[in-house]
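See below for the structure under consideration.
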Amino acid sequence: MNHDYDFLIIGSGFGGSVSALRLSEKGYKVAVMEMGRRWTPETLPKTNWNLRRFLWLPAVGLRGFLSMRLFKHVMIMHGNAVGGGSIAYAQTLLVPPDRVWSEGSWAGLDRWTEVMPQHYDTAKRMLGVTTNPILGPGDRMLQKMAAANGVESTFYPTRVGVFFGEPGQPAGRSYPDPYFGGKGPARNACQACGACMVGCRHNAKNTLDKNYLYLAEQLGAEVHAETKVLDVRPLGSTEDGSEGYEVTVQPSFGPASKRRVVTAKNVVFAASSLGTQELLLRLRDDGSLPKVSEQLGRRVRTNAESILTVRYPGIETDLSKGIAIGSGVHVDEHTHIEAVRYPKGSDMMGSLFTALTHGQPGWSRPLAWARAMLSLLVRHPVKAIRSWLPFGFAAQTVILLCMQTVEGHINMRLKRPWYWPFKRRMVSEGDRIPTYIPAANRFAEAAAKATGGVGGSSIFEIFFNVPMTAHCMGGCAIADSAEQGVIDAQNRVFNYRNLYVVDGSMIGANLGVNPSLTITALAERAMSFIPRNPTGTVNAVL
């Protein structure tokens with residue numbers, strides 16, 4: 001059977017972009033269907049107050065690159081763009097502790113600690129991982145906070161995917177491709193503006209459209225931006241996909257009349273953990289892919305996160321200078337905290353934080369919040385009021401991203417909610433994810449006291465008992481059978497042929513660190529199992 005493509009990839013994030021390059025290198029005809037837009041320095045927002053270009057909510061006209069979805073158990077942030085989450089992420093690229101490979105559904109399926117280092121090395125080289133040489137004022141403040149908490153010795157500059165140029169040369173200087181022997185685009189040295197998560201407009205951040213995806217397109221891979229996948233079903237008389245698949249797509253912002261069907265021998269789901277789960281759930285429940293495992297949507301993890309702040313109203317030093325996450329500290333063996341920033345003027349996130357609040361999650365925590373607010377107002381009325389206003393937030397605040405390696409998960413499924421029974425929606429179920437991490441709160445409280453700041457907690461944690469995370473993982477986990485997971489140790493969907501999942505949903509344990517590097521390394525491993533096309537032209541980039 002003749003197909004339009006050898007491989008059709010749904011999504012262009014870390015899994016999708018790695019797949020696009022490696023499959024193109026092996027001589028396959030590749031198409032990438034990406035729901036989001038292709039961004040350029042000219043079209044990126046200057047601040048996150050530009051909601052139309054920053055947030056993704058097409059139903060109300062917001063066509064940016066950051067999706068924020070509130071569930072009963074968690075607020076999940078993820079990217080929608082050519083380049084996936086790399087457009088909005090903080091480019092922190094860390095290797096998790098070895099123990100994660102002996103935990104969760106993938107334990108024992110490979111000699112992980114022996115196999116993965118080579119794939120991590122490849123991922124680091126492709127993403128241009130280096131140690132952050134620019135410790136901004138916020139990073140120095142984190143170092144003081146660590147000292148106040150007795151953990152200064154654990155302070156470290158992050159490993160990041162940013163091009164910093166040559167030492168001693170001016171920021172912003174242009175260089176010919178520094179990574180791929182002239183096959184990649186020219187780059188500019190980082191200017192430490194802090195705008196990484198609003199979109200780098202200075203050509204310094206190593207987003208996927210400047211490495212994996214860029215090189216894939218040079219080899220002929222077709223990237224179809226603003227294209228939404230609606231359906232994937234087996235071709236021909238077989239039900240297992242052995243003859244390939246027909247894929248129905250339509251413009252993300254266009255009418256249904258422009259819907260079209262393309263065919264592919266193989267399909268790779270790489271639409272982010274949340275996106276892949278939702279699409280596969282719909283395809284399974286609607287009968288297009290009915291044999292997908294019942295484990296789909298189970299054991300979704302979030303790195304057990306909590307996001308806190310320490311704000312310094314009226315401070316003259318601009319804390320937004322630097323890169324998005326420039327440093328971190330280890331509070332204990334299970335907990336580490338990173339200093340996060342947005343660029344000056346990008347104060348929208350400031351509206352999501354309020355007074356630092358202790359206490360047990362649940363109905364009593366708003367009462368603890370009220371006491372914290374009253375206490376702060378009595379002791380420091382002017383500072384308190386200024387710290388709760390969003391304006392000036394980015395330049396005055398050190399955001400503390402706390403992550404833990406402790407196990408914990410929720411489940412996702414499609415359901416018709418009582419408030420909107422006309423359409424099935426993704427909902428979360430299971431035990432509550434911790435929204436109060438005592439070690440993190442103690443750190444923030446001591447840090448604020450020692451440095452003259454005002455501690456802050458997320459309003460979602462206090463009033464909704466819901467944590468915020470940009471690290472949704474799992475839901476289509478690697479496992480040894482369909483009774484334990486959705487894909488096998490080579491990322492093949494159980495009960496189907498020529499069907500793969502290669503994105504954050506494949507992760508089988510809580511990493512406890514930013515997952516982008518691990519997704520990239522696992523994608524490299526997954527692609528290593530696919531043989532070269534015997535009838536195609538092999539053209540390796542590196």
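Of the residues L219, L230, L283, the single one that is touching a residue at least 60 places away in the same chain (Cβ under 8 Å) and not small (G, A, S) is L219.
The set of residues from segment 452-484 being in contact (Cβ under 8 Å) with a residue 24 or more places away in the chain and within 30 Å of S242 (Cα to Cα) comprises M473, G474, G475, C476, A477, I478, A479, D480, A482, E483, Q484.
Could we say that S24 is outside any loop (DSSP other than H, G, I, E, B), open to solvent by less than 40 Å² (accessible area, probe 1.4 Å) and farther than 21 Å from S273 by Cβ here? Walk me through how you get there before you give the answer.
Numbers: outside any loop (DSSP other than H, G, I, E, B): yes; open to solvent by less than 40 Å² (accessible area, probe 1.4 Å): yes; farther than 21 Å from S273 by Cβ: yes.
Spelling it out, S24 is indeed outside any loop (DSSP other than H, G, I, E, B), open to solvent by less than 40 Å² (accessible area, probe 1.4 Å) and farther than 21 Å from S273 by Cβ.
If you filter segment 299-310 down to residues that are under 19 Å from the mean Cα position of the chain (by Cα), hydrophobic (A, V, I, L, M, F, W, C) and more than 19 Å from D503 (Cα to Cα), you find that the one that is modelled with the lowest pLDDT is A304. Filtering segment 1-12 to residues that are open to solvent by 10 Å² or more (accessible area, probe 1.4 Å) and assigned to a loop (DSSP other than H, G, I, E, B) leaves M1, N2, H3, D4. One residue is enough: does segment 265-286 have a residue meeting the conditions aromatic (F, W, Y), part of a loop (DSSP other than H, G, I, E, B) and under 30 Å from K205 (Cβ atoms)? No; the residues of segment 265-286 include none that is aromatic (F, W, Y), part of a loop (DSSP other than H, G, I, E, B) and under 30 Å from K205 (Cβ atoms). The numbered conditions (1) free of Cβ contacts under 8 Å to residues at least 24 places away in the same chain; (2) open to solvent by 10 Å² or more (accessible area, probe 1.4 Å) are all true for I487 except (2).
The residue that is surrounded by the fewest Cβ atoms within 10 Å (Cβ to Cβ), counting only those in segment 358-413 that are aliphatic (A, V, I, L, M) and within 20 Å of D431 (Cβ to Cβ), is V406. In segment 57-80, of all residues being open to solvent by 30 Å² or more (accessible area, probe 1.4 Å) and in contact (Cβ under 8 Å) with a residue 12 or more places away in the chain, the one that is farthest from M426 (Cα to Cα) corresponds to R63. A residue that is at pLDDT 95 or above, over 29 Å from T43 (Cα atoms) and among the acidic types (D, E) can be found somewhere in segment 101-118.
Of all residues in segment 492-512, those that are surrounded by fewer than 24 Cβ atoms within 10 Å (Cβ to Cβ) have Cβ atoms under 7 Å from Cβ atoms of residues that are assigned to a loop (DSSP other than H, G, I, E, B) and of a type in the set (K, R), 6 or more apart or on another chain, in N495/K291; Y496/K291.
When segment 330-357 is examined, which residues are found to be surrounded by fewer than 20 Cβ atoms within 10 Å (Cβ to Cβ) and among the small types (G, A, S)? If the condition is that a residue be surrounded by fewer than 20 Cβ atoms within 10 Å (Cβ to Cβ) and among the small types (G, A, S), then G345, S351 are the ones that fit. Taking Y419, is it open to solvent by 30 Å² or more (accessible area, probe 1.4 Å) and free of Cβ contacts under 8 Å to residues at least 60 places away in the same chain? So Y419 passes the test.
The single residue among G456, G474 that is under 22 Å from the mean Cα position of the chain (by Cα) and not in a loop (DSSP other than H, G, I, E, B) turns out to be G474. Close contacts from segment 422-451, counting a first residue that is assigned to a strand (DSSP E or B) and a second that is among the acidic types (D, E) and surrounded by 17 or more Cβ atoms within 10 Å (Cβ to Cβ), with Cβ to Cβ under 6 Å and a gap of 6+ residues or different chains, come to M426/E278. Which residues, taken from segment 442-469, are within 16 Å of G150 (Cβ to Cβ) and either surrounded by fewer than 22 Cβ atoms within 10 Å (Cβ to Cβ) or among the aromatic types (F, W, Y) (or both)? Answer for segment 442-469, where residues must be within 16 Å of G150 (Cβ to Cβ) and either surrounded by fewer than 22 Cβ atoms within 10 Å (Cβ to Cβ) or among the aromatic types (F, W, Y) (or both): R442, F443, E445, A446, K449, A450, T451. Among the residues of segment 113-156, those that are buried (at least 18 other Cβ atoms within 10 Å of the Cβ), under 30 Å from Q295 (Cα atoms) and not small (G, A, S) comprise M116, H119, Y120. Within segment 344-368, the set of residues being among the aromatic types (F, W, Y) and within 25 Å of the chain's Cα centre (by Cα) comprises F353 only. Residues in segment 489-500 that are under 25 Å from the mean Cα position of the chain (by Cα) and within 14 Å of K291 (Cβ to Cβ): R492, V493, L499. Residue under question is L296, and the condition is that it be within 19 Å of M33 (Cα to Cα) and at pLDDT 95 or above; does it hold? For L296, the condition - within 19 Å of M33 (Cα to Cα) and at pLDDT 95 or above - is not met.
The values are calculated or read from the model by the stated rules, or taken from the named source; none is laboratory data. Computed from a predicted model, the values in this text were never measured in an experiment. Cβ: placed from backbone, ideal geometry, glycine included. Neighbour counts: every protein chain shown. Surface areas here come from the heavy atoms of the whole protein model, side chains and all, with no ligands, DNA or RNA. Shrake-Rupley method; radii C 1.70, N 1.55, O 1.52, S 1.80 Å.
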